[in-house]
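What follows is a single structure, written as C-alpha cells, with notes after it.
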Amino acid sequence: MVHTASADDDADIRTAGRDWVARRLSTPGGVTATQLVCRPDRLSRVLAAASAPEGRSLIARGGGQGHGDAALNDGGAVVLTTRLDRMLGFDASSGVLVVEAGVTVGDILRTFLPRGFALAACPGSSRTTVGGAIAADVHGLDHARAGSFGAHVVWLDVVTPRDGLLRVSPAEEAALFDATVGGMGLTGIIARAAIQLVPVTSAAIDMRHQAVGTLDSLVDQLAAAALSHAYASAWIEIGAGVPAQGRGVLMTADPPLAADGSRPPSWPTQALGALANRTAQLVPGRLHGAWRFRRAHGSGSQRRLPLGRFLFLAEDAPHDGRRRWLQCALPADGAVAAIRRLVDIARRGGGVANARLQAMGSEGRGMLSFARPGIGLTFELMPSAATADTMRRLERETLDRGGRLFLANDSHLTDHGFAAMYPRLAKMRAVLARFDPEFRMQSDLARRLRLRDYIV
C-alpha cells in the first residue's frame with residue numbers, strides 16, 4: 001500500500017508496518033531526494049519490504065548520519081531500519097553482542113560501558129546505526145590500532161534481492177561478507193549482526209594537547225602517537241597568514257594510569273575529536289586555529305574528563321547544513337605535500353572551516369572500504385567552497401596523490417575518479433551480479449558513480 005504524505009523532510013516518519021509513504025529525505029550535508037519510505041519493525045516486515053512497490057529500486061537507511069547520497073534513492077524506495085532496535089543477546093565470556101541493524105552506537109555504549117565493555121571502533125555520532133556502521137565500514141580515532149568497524153563484525157544477516165535472508169561471515173559466504181562490509185548497502189538490507197566488544201576498565205580519559213610548529217613534524221609525531229596512545233588526532237591551523245599551512249596541535253588521549261602505574265585497556269570513543277569539533281563550531285574558523293595553537297603552546301596542556309562530559313559533544317553544536325565535509329585517505333609517502341596542496345585548493349576555492357588529521361592503519365576488509373594505510377585528512381568546507389569546480393579539483397588532486405575519498409560523506413565524486421580510487425571495484429561488481437542480477441538495490445550514489453553500470 002502506498003500513501004502520500006505532505007511533509008517534506010524526515011524529521012518525524014511514523015509509517016506503520018509495510019505501508020509506504022512518499023517522503024523527501026535529507027542528509028546533514030544538505031543533500032535531498034524524494035522516494036517511497038517504509039519503516040519495518042521486525043524481520044518479517046524487512047523481508048516483505050525487500051520487494052519494493054511498483055518495481056522500484058531499493059536501498060536501506062539507518063540513522064541518516066552520512067553527509068553524502070549513499071542512503072538516498074530519488075524516485076525509488078528506502079527502507080528505514082531505525083525501528084529494528086533490539087539487542088538480541090550478549091555473551092559476557094566472549095564479548096560478542098548480537099543486535100538488530102537499527103541499534104545505534106549510543107545504545108551500545110550506554111548499555112555496556114557500565115558493564116565494562118565497549119566498541120573497538122567507534123564513529124563520531126551516537127546516532128550511527130550498526131547497519132550503517134557496517135555498510136560504510138566506519139572508523140574511529142584509534143584506527144591505527146583497532147582498524148575499521150568491519151574488522152569486529154563476527155557475522156551478519158543480510159536480506160539479499162535474489163536469495164532472501166542469508167547469514168554471512170569471514171568463513172561463510174566470505175565474498176558476500178566482504179562486499180557488504182563497506183558496500184554502501186548495495187548487497188541487500190542488513191538485518192542483524194554479531195559485534196565483538198572489547199573489555200574496558202576506565203570511564204575517564206587523560207587528554208593532552210601539544211602545539212607543533214611545522215606540518216612535517218606534526219605528521220611525523222601523529223604517526224608515532226597513533227601507535228603509542230589509545231587515540232591520536234591533529235588539527236592544522238588554517239587561518240590567513242599561517243606560513244605554508246604548517247603549524248598545528250597534536251592531541252592524544254589515554255585512560256588514566258592505575259594505582260600501580262600501569263595503563264588499563266583503552267575505551268573507544270571519538271571524544272577527542274568530538275570535543276574539538278564542538279569548539280571549532282562555536283568559534284569562527286580563522287580565529288579558532290590561532291586560539292587552539294596558543295592554548296597548546298609551550299609544554300602542552302592536559303586535562304582529565306569524565307565520559308559523560310565529552311562523549312559525542314559534537315552533536316550538541318549547531319550546524320546549518322550548508323557546509324560540506326571532504327574526507328580522504330592519503331599514502332604516508334608524500335602525505336605532507338598532498339595535505340598542503342589539498343588545503344590550498346580548498347582555501348582558494350572559498351575557504352576551509354576546520355582541518356583534521358589522523359593516522360590510518362590497515363586496509364579495510366570490505367571491497368569498497370575507505371581505510372588504507374597512511375594519513376586521513378578531513379576538512380569542513382565553507383559553503384562558498386563546495387562548488388562543483390572546487391570539488392573536482394580536490395578529487396583530481398586526491399587521485400593524483402594516490403588517495404581515496406570516503407563514500408559515506410561524498411556527493412561529488414565522479415565515476416572515473418571512483419573507479420581509480422577503489423581497486424577492488426571489479427570484485428564488488430561480480431558479487432552484485434551474482435546476488436542482485438536484476439539491479440534491484442540502487443542508490444543515488446550508485447547511479448552517480450555508475451557503480452552498477454557494467455556487463456559481466
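The values are calculated or read from the model by the stated rules, or taken from the named source; none is laboratory data. Keep in mind it's a predicted model, so treat the numbers as computed, not measured. Glycine gets a Cβ as well: all are built from the backbone with ideal geometry, and neighbour counts include every protein chain shown. Note: accessible area is taken over every heavy atom of the protein model, side chains too, but ligands, DNA and RNA are not part of it. Shrake-Rupley method; radii C 1.70, N 1.55, O 1.52, S 1.80 Å.
What is the residue count in region 165-187 for residues that are out of contact with any Gly (no Cβ under 9 Å at 6 or more places or on another chain) and small (Gly, Ala, Ser)?
Counting residues in region 165-187 that are out of contact with any Gly (no Cβ under 9 Å at 6 or more places or on another chain) and small (Gly, Ala, Ser) gives 4.
Of the residues ARG145, ARG208, only one is touching a residue at least 12 places away in the same chain (Cβ under 8 Å), at negative phi and assigned to a strand (DSSP E or B); which? Even if it seems obvious, please write down each step before you answer.
On the way: ARG145 fails: assigned to a strand (DSSP E or B).
Being touching a residue at least 12 places away in the same chain (Cβ under 8 Å), at negative phi and assigned to a strand (DSSP E or B) holds for just one of ARG145, ARG208, which is ARG208.
Any residue in region 189-201 that is touching a residue at least 40 places away in the same chain (Cβ under 8 Å) and part of a loop (DSSP other than H, G, I, E, B) sitting within a Cβ distance under 9 Å of a residue that is crowded, with 23+ Cβ neighbours inside 10 Å and of a type in the set (Phe, Trp, Tyr)? List the pairs, counting only those 6 or more apart or interchain.
From residues that are touching a residue at least 40 places away in the same chain (Cβ under 8 Å) and part of a loop (DSSP other than H, G, I, E, B), the pairs are VAL200/TRP267; THR201/TRP267.
Looking at region 141-165, which of the residues that are in contact with a Lys or Arg (Cβ under 7 Å, 6 or more places away or on another chain) and open to solvent by 20 Å² or more (accessible area, probe 1.4 Å) is modelled with the lowest pLDDT?
Applying the filter and picking the extreme gives PRO161.
Out of (1) surrounded by fewer than 17 Cβ atoms within 10 Å (Cβ to Cβ); (2) within 15 Å of GLY364 (Cα to Cα); (3) in contact with a Pro (Cβ under 6 Å, 6 or more places away or on another chain), the odd one out for VAL138 is which?
Unmet for VAL138, out of (1) surrounded by fewer than 17 Cβ atoms within 10 Å (Cβ to Cβ); (2) within 15 Å of GLY364 (Cα to Cα); (3) in contact with a Pro (Cβ under 6 Å, 6 or more places away or on another chain): (1).
To keep it simple, each residue is scored yes or no on (1) under 16 Å from the mean Cα position of the chain (by Cα); (2) within 19 Å of THR214 (Cβ to Cβ); (3) touching a residue at least 40 places away in the same chain (Cβ under 8 Å); (4) part of a strand (DSSP E or B).
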residue	(1), (2), (3), (4)
CYS328	yes, no, yes, yes
VAL336	no, yes, yes, no
ALA346	no, no, yes, no
GLU363	yes, no, no, no
THR378	yes, no, yes, yes
SER384	no, no, no, no
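So ARG127 clears everything in (1) outside any loop (DSSP other than H, G, I, E, B); (2) open to solvent by 20 Å² or more (accessible area, probe 1.4 Å); (3) in contact with a Ser or Thr (Cβ under 7 Å, 6 or more places away or on another chain) except one condition, right? Which one?
The number of the failed condition is (1).
Considering only region 225-247, how many residues are among the hydroxyl-bearing types (Ser, Thr, Tyr), modelled with pLDDT of 85 or more and not in a helix (DSSP H, G or I)? Break it down stepwise before answering.
So in region 225-247, the residues among the hydroxyl-bearing types (Ser, Thr, Tyr) come out as 228, 231, 233.
Cutting the leftovers down to modelled with pLDDT of 85 or more gives us 228, 233.
Adding the requirement that they be not in a helix (DSSP H, G or I) leaves 233.
Matching residues across region 225-247 total 1.
Just to verify a result, which residue in region 170-183, among those that are open to solvent by 20 Å² or more (accessible area, probe 1.4 Å) and part of a loop (DSSP other than H, G, I, E, B), is nearest to ARG429 (Cα to Cα)? Quick ask: steps written out before the conclusion?
Narrowing region 170-183 to residues open to solvent by 20 Å² or more (accessible area, probe 1.4 Å): 170-175, 178.
With part of a loop (DSSP other than H, G, I, E, B) added as a condition, the list becomes 170-173.
Details: PRO170: 19, ALA171: 21, GLU172: 19, GLU173: 16 Å.
This residue is GLU173.
Name the residues in region 115-152 that are in contact with a strand residue (DSSP E or B) (Cβ under 6 Å, 6 or more places away or on another chain) and among the basic types (Lys, Arg), would you?
ARG127
Search region 84-103 for residues being without any contact (Cβ under 8 Å) to a residue 60 or more places away in the chain and under 21 Å from the mean Cα position of the chain (by Cα), and hand back the single one that is nearest to GLN35 (Cα to Cα).
Residue satisfying both the conditions and the ranking: GLY102.
Would you pick out the residues in region 434-456 that are in a helix (DSSP H, G or I), more than 21 Å from VAL31 (Cβ to Cβ) and open to solvent by 30 Å² or more (accessible area, probe 1.4 Å)? Explain how you work it out, then say what you get.
Of the residues in region 434-456, the ones in a helix (DSSP H, G or I) are 434-435, 444-448.
Add one more test, that the residue is more than 21 Å from VAL31 (Cβ to Cβ), and what stays is 434-435.
Result: ARG434, single match.
Looking at LEU218, LEU222, LEU272, LEU250, can you tell me which residue is surrounded by 15 or more Cβ atoms within 10 Å (Cβ to Cβ), part of a helix (DSSP H, G or I) and either touching a helix residue (DSSP H, G or I) at 6+ places or on another chain (Cβ under 6 Å) or modelled with pLDDT under 85 (or both)?
Numbers: LEU218 fails: either touching a helix residue (DSSP H, G or I) at 6+ places or on another chain (Cβ under 6 Å) or modelled with pLDDT under 85 (or both); LEU222 fails: either touching a helix residue (DSSP H, G or I) at 6+ places or on another chain (Cβ under 6 Å) or modelled with pLDDT under 85 (or both); LEU250 fails: part of a helix (DSSP H, G or I).
Being surrounded by 15 or more Cβ atoms within 10 Å (Cβ to Cβ), part of a helix (DSSP H, G or I) and either touching a helix residue (DSSP H, G or I) at 6+ places or on another chain (Cβ under 6 Å) or modelled with pLDDT under 85 (or both) holds for just one of LEU218, LEU222, LEU272, LEU250, which is LEU272.
Go through region 54-124 and tell me which strands (runs of 3 or more DSSP E), entirely inside it, have 2 or more residues that are open to solvent by less than 10 Å² (accessible area, probe 1.4 Å).
On the way: elements: 58-61, 77-80, 87-91, 96-100, 117-119.
Filter on region 54-124 gives 58-61, 77-80, 96-100, 117-119.
Among the numbered conditions (1) outside any helix (DSSP H, G or I); (2) under 20 Å from the mean Cα position of the chain (by Cα), tell me where GLY402 comes up short.
So GLY402 meets the others, but not (2).
Out of all the residues in region 357-408, which are open to solvent by 30 Å² or more (accessible area, probe 1.4 Å) and among the polar types (S, T, N, Q)? Give the steps one after another, and end with the answer.
Narrowing region 357-408 to residues open to solvent by 30 Å² or more (accessible area, probe 1.4 Å): 362-363, 365, 372-373, 382-384, 387-389, 392-393, 396, 399-402.
Residues satisfying the conditions are SER362, SER384, THR387.
On the basis of being in a loop (DSSP other than H, G, I, E, B), without any contact (Cβ under 8 Å) to a residue 12 or more places away in the chain, closer than 23 Å to ALA174 by Cβ and of a type outside the set (Val, Ile, Thr), does PRO423 make the cut? Lay out the reasoning, then the answer.
On the way: in a loop (DSSP other than H, G, I, E, B): yes; without any contact (Cβ under 8 Å) to a residue 12 or more places away in the chain: yes; closer than 23 Å to ALA174 by Cβ: yes; of a type outside the set (Val, Ile, Thr): yes.
So PRO423 passes the test.
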